[in-house]
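Asks: Just passing along the structure, written as structure tokens.
The values are calculated or read from the model by the stated rules, or taken from the named source; none is laboratory data. These figures come from a predicted structure and were not determined experimentally. So basically every Cβ, Gly included, is an ideal-geometry build from the backbone, and we count neighbours across all protein chains shown.
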Amino acid sequence: MVFSVMPVAVNAVVHNLDSGFNYSTIQAAIDNANTLDGHTLSVDPGIYTENVVVNKSLIIKSASGNPSNTIVNASSSSSNVILITVLPQKQSHQHNS
């Protein structure tokens with residue numbers, strides 16, 4: 001018998017549509033090692049009180065399709081509510097023979 005264990009947080013509200021993992025905060029979803037560049041995070045409607053740092057190339061979208069019912073409030077007023085770090089694109093080197 002083979003068992004596969006997928007950790008699921010109680011009352012998970014952020015879903016990684018590519019890995020199948022669920023998270024209780026947006027930041028936890030971003031920080032998880034299973035969340036890779038190119039993945040899509042679907043955020044359930046609600047009010048999220050957190051400061052979010054996006055340092056991966058992700059799509060973050062409202063699960064309802066209505067962004068007005070998915071709100072992010074800063075947990076710390078001394079930090080940005082959402083900070084997006086733009087990383088340089090990886091260079092591909094082509095060698096012609």
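Asks: Under 7 Å between Cβ atoms, at least 6 apart or on separate chains: pull out the pairs that start in the stretch 29-53 with a residue that is part of a loop (DSSP other than H, G, I, E, B) and end on any residue that is aromatic (Phe, Trp, Tyr).
Replies: Partner pairs satisfying both residue conditions: ASN32/PHE21; ASN32/TYR23; ASN34/PHE21.
Asks: Filter the stretch 57-72 for residues that are assigned to a strand (DSSP E or B) and either at pLDDT 95 or above or surrounded by fewer than 17 Cβ atoms within 10 Å (Cβ to Cβ) (or both) and give the result.
Replies: Scanning the stretch 57-72 gives ILE59, ILE60, LYS61, SER62, ILE71.
Asks: Still on this model: Select from the stretch 33-56 the residues that are surrounded by 17 or more Cβ atoms within 10 Å (Cβ to Cβ) and polar (S, T, N, Q) and write down the one among them that is modelled with the lowest pLDDT.
Replies: Filtering the stretch 33-56 for residues that are surrounded by 17 or more Cβ atoms within 10 Å (Cβ to Cβ) and polar (S, T, N, Q), the one modelled with the lowest pLDDT comes out as ASN51.
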